[in-house]
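Just below is one structure, and these are the notes that go with it.
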Amino acid sequence: MEWFTSIAGVRVPKIIYGTAWKKSATAGLVAAALKHGFRGIDTACQPKHYDEPGVGAALKNRQDLFLQTKYTPLSGQDPDRIPYDAQAPIAEQVAQSCAVSLENLQTDYIDSLVLHSPLPSAKQTQEAWCAMEALVDSGKVRQIGISNCYQLPLLESLYERARIKPAVVQNRFYADTRFDTSLRAWCRRQHIIYQSFWTLTANPKALTSATLTQLSAKYERTAPQILFRYLTQLDVAPLTGTSSEQHMQEDLAIFEFQLDAAEIEALTSLF
């Protein structure tokens, strides 16, 4: 495993196992991912799409793991399964969500707490962010970040107002947002770790492109391995949510080879 060190001093694996949409299979798949060598797990306090208690059930040695979860605003929750008081102020919702995550994950601290998406107004987003900062102050959370934030001006505004700066940004990596090219460049200048999700699912054409096909043949690796390695060499941490143990092993094997500068440039033309 290769690692980043965030602006908060937290070690973040360069590839992370994502647990969305695993339902009752979550515990078994997380256990398999850890067995094969993953050291970063991403989840969320969002019963609609994540089985956070299942993640907790699979954790054995918490000390050497990077554990990331999310506060999901009301708009992203199943109305029948909201894990906090929906009538409470936003700051209290954040605190309650974190408390539920700590219980679900059977831990006394979270390495990375991510705001799952901006809230409807900048004021509400700022309120949630201040509550997350308070959790860092309390020692329950080591760093904070934001997900599904595709407007650079919004991210810049949050950054400028923040007392504790975002350490990570986690977004879909796809053509609809031009692969966040400008946003990723800004994150790199601010030393913010960009995490990509939907990296394979959203890019079937790229995975079958001549460039990836040729590099796959050269390195005797799969197209997903080439793409994941490319991203890690650009200081992007991709998430992979595979349910295949063979693919888990392949995903972790990306650190066994390195693309050269010309190959990086050729891949960048695709994204």
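So if each residue of separation counts as 0.36 nm, and I subtract the Cα-Cα distance between Lys60 and Lys35, what length gain in nm does that give?
Working: separation 25, 0.36 × 25 = 9.00 nm, distance 1.04 nm.
Gain on stretching Lys60 to Lys35: 8.0 nm.
Running Debye on the stretch 180-224 with equal point scatterers at the Cα sites and no solvent, what base-10 log of I(q)/I(0) appears at q = 0.17, 0.22 Å⁻¹?
Scattering profile of the stretch 180-224, log10 relative to I(0): -0.65, -0.81.
Treat each spin label as a single point 7 Å out from the Cα along the C-beta direction, and report the Lys218 to Glu103 distance in nm.
Simple spin-label model gives 5.3 nm for this pair.
Suppose we keep just the DSSP beta bridges with both residues in the chain; what percent of those would be antiparallel, to 5?
Values: 3 of 31 bridges.
Percentage antiparallel, nearest 5: 10.
So which GluC sites (Glu not before Pro) in the stretch 181-271 are both in a DSSP loop and have at most 12 other Cβ atoms within 10 Å of their Cβ?
On the way: sites: Glu220, Glu245, Glu250, Glu256, Glu263, Glu265; in loops: Glu220.
Loop-located and lightly packed - Glu220.
For the stretch 125-271, what does the equivalent ellipsoid look like in terms of its semi-axes, each the square root of 5 times an eigenvalue of the Cα gyration tensor, given largest first in whole Å? Don't skip to the end; give the middle numbers.
On the way: eigenvalues 197, 56, 33 Å².
With the √(5λ) rule applied to the stretch 125-271, the semi-axes are 31, 17, 13 Å.
If you place +1 on the Cβ of every Lys and Arg and -1 on the Cβ of every Asp and Glu, how big does the dipole about the Cα centre of the chain come out, in debye to the nearest 20? All intermediate terms of the calculation are to be shown ahead of the outcome.
Details: 26 positive and 28 negative charges, 36 e Å.
Magnitude of the dipole: close to 180 debye.
Taking only the alpha-carbon atoms of the chain, what semi-axes of the equivalent ellipsoid follow from 5 times the gyration tensor eigenvalues under a square root, in whole Å, largest first?
Numbers: eigenvalues 181, 93, 52 Å².
Equivalent ellipsoid semi-axes, largest first: 30, 22, 16 Å.
When we measure straight from the Cα of Lys14, which lysines land under 26 angstrom away, once same-chain ones fewer than 8 places off are left out?
Counting by Cα, and skipping residues close in sequence, Lys14 has these lysines nearby: Lys22, Lys23, Lys35, Lys60, Lys70, Lys140, Lys165, Lys205, Lys218.
May I ask you to list the trypsin sites (Lys or Arg not before Pro) in the stretch 32-122 that are in a DSSP loop and have at most 12 other Cβ atoms within 10 Å of their Cβ?
Of the trypsin sites (Lys or Arg not before Pro), the ones in loops of the stretch 32-122 whose Cβ has at most 12 other Cβ atoms within 10 Å are Lys60, Arg81.
Just want to confirm a number: the relative contact order over the stretch 128-263, from Cα pairs under 8 angstrom separated by 6+ residues, in percent. List each step's numbers first, then the result.
On the way: 149 pairs, mean separation 23.4, N = 136.
Relative contact order here is 17 percent.
Could you check the simple spin-label distance between Phe257 and Ser24, using points 7 Å along Cα→Cβ, in nm with one decimal?
Simple spin-label model gives 4.0 nm for this pair.
Would you work out the charge dipole size for the stretch 117-199 about its Cα centre, treating the Cβ of every Lys and Arg as +1 and the Cβ of every Asp and Glu as -1, and quote it to the nearest 20 debye?
On the way: 11 positive and 7 negative charges, 39 e Å.
So the dipole magnitude of the stretch 117-199 works out to roughly 180 debye.
Under 15 Å from the Cβ of Arg161, count the other residues' Cβ atoms, weight Lys and Arg +1, Asp and Glu -1, and hand me the total. Spell out each step's value before the answer.
On the way: positive: Lys123, Arg163, Lys165; negative: Glu127, Glu133, Glu156, Glu160.
Net local charge, Arg161 excluded: -1.
Whenever you get a sec, line up Arg221, Arg172 from highest to lowest accessible area (probe 1.4 Å, protein heavy atoms). Present the calculation step by step, with values, prior to reporting the outcome.
On the way: Arg221 55, Arg172 75 Å².
Descending order: Arg172, Arg221.
In the chain, with Lys and Arg counted as +1 and Asp and Glu as -1 at Cβ, which of these residues, Gln106, Ala131, Pro79, has the Cα nearest the positive end of the dipole, that is, farthest along it?
It is Ala131, whose Cα lies furthest towards the positive end.
Give me the percent relative contact order of the stretch 72-138, please, defined on Cα pairs under 8 angstrom at least 6 residues apart.
38 percent.
Helix-only estimate, please: 222 nm mean residue ellipticity of the chain, summing -39500 (n - 2.57) across DSSP H runs of length 4 or more and dividing by its residues, to the nearest 500. Don't skip to the end; give the middle numbers.
Details: 11 runs with 111 residues, N = 271.
The helix contribution divided over the chain gives -12000 deg cm²/dmol.
The values are calculated or read from the model by the stated rules, or taken from the named source; none is laboratory data. These numbers were taken from a predicted model, which means no experiment stands behind them. Cβ sites come from the backbone with ideal geometry, for glycine too, and all protein chains shown count toward neighbours. The accessibility values were calculated without ligands, DNA or RNA, using every heavy atom of the protein model including side chains. Shrake-Rupley method; radii C 1.70, N 1.55, O 1.52, S 1.80 Å.
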